[in-house]
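Here the structure comes first, spelled out in C-alpha cells, and everything after it is commentary.
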C-alpha cells in the first residue's frame, strides 16, 4: 500500500517505526490546497499528526484513492468523520500520553517566571549580568481552566511548588477538585481575578471557543501570566495581543496558534512579553515512537481487513 506521512517536520517518521511492506513517502513541509492534493496523489493511506492538517469534506472529495487515514491520538477535531465515511475512508488513531504537555506547560510557566529566554540571551551576548528579577511561585495562585487528566497533573506539580491551586470548568464539581486538594472556583471570572498564573487545559468545542475574550482578560491581574498549551481558539487572539501590547497582563506562554506554522510577520512573534514554542506539547521521543509504531500497526491491520482503533 502506498502511504504518505504529512507534516513530518523533524523528518523522523521512518526512523521511529518499522515500515516494512509499506511504500511510504514523508512530507516535512506543511502543505495546503493543490500542493497537498498533489503530494498525496493516489496514495491509499495518509498518516497525519493531530490537527496539523485539517481533513475536510472538500479535501476527501479530491482524494478518490484514499482508503485509510491514520491520526496521532484518538481524537482529532480537524477531521470531518462524516465526510470520511461518505467517501469510504476509515479513520484510525493511536495511543498518546498526557505527560509531555504537562511538562511543556511547566517549562513555559518556569520560563516566564524566571525570565529564562531574556537571561539566556544576555548570557550568550555578554550582556548585563542578572538583568531581571524573577517571580517566585511558592505561595502564588495557579488557576486551571480545565481539570481533566492534563489539568490534574499540572495541579500536582503546582502543589509540589507550594502553590495554591484553583480550578474551574463549566461542569467541574467540588468532588473532583477536593480529591486533589484543589479549590473549585465559583466562576471563570473569579479564577482569573485571583490567579497569578492561568493555564488553559480545556477541550476545544462550541462552549469553549473564545472563552477567554477581551472581557475575561480584563479580569486578570496586571502581574499575571497566561499559559495556553491546549487549543489556540479558546483564547481570542486579537484580544490577547491587545492585552499583551498594553501590558494589561504581564506575559503569555503559548504553544498553540490559530494558524500553524505561524506567519513570519505575525505580531505574536515580536511581542517581548510572549514566550512561545511551535506546538511542541506532544512532541517527545516516547510519544512519537508510539504514534508511528501504532500507525504502522493500523495500516497492516487495515490491509488484513481488521482495522484497529477506529475513530467515530
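Rule-based calculations on the coordinates, nothing more; no lab input. Not measured: the values here are computed from a predicted model. Using ideal geometry, Cβ is built from the backbone for each residue, glycine included, and neighbour counts are taken over all protein chains shown.
Rounded to the nearest 500, the 222 nm mean residue ellipticity of the chain from helices alone is -9000 deg cm²/dmol, with -39,500 (n - 2.57) taken per DSSP H run of at least 4 residues.
Across the alpha-carbon set of the range 99-276, the Rg to Rh ratio works out to 0.96, Rh being the Kirkwood radius. As a rough footprinting exposure proxy, the listed residues 201, 300, 279, 219 were ranked by other beta carbons within 10 Å of their own, and the order from fewest upward is 300, 219, 279, 201. For Kirkwood radius over Cα pairs in Å, the candidate list reads (i) 18.7; (ii) 21.0; (iii) 19.5; the entry that matches the value derived from this model is (ii). Helix 285-303 and the long axis of the chain differ in direction by around 30°, with both axes built from C-alpha atoms. Each DSSP beta bridge with both residues in the chain is either parallel or antiparallel, and the antiparallel ones are about 5%. For 223, 251, 195, the sequence from fewest to most other C-beta atoms within 10 Å is 223, 251, 195. Ranked by how many other Cβ atoms sit within 10 Å of their own Cβ, fewest first, the residues 218, 309 fall in the order 218, 309.
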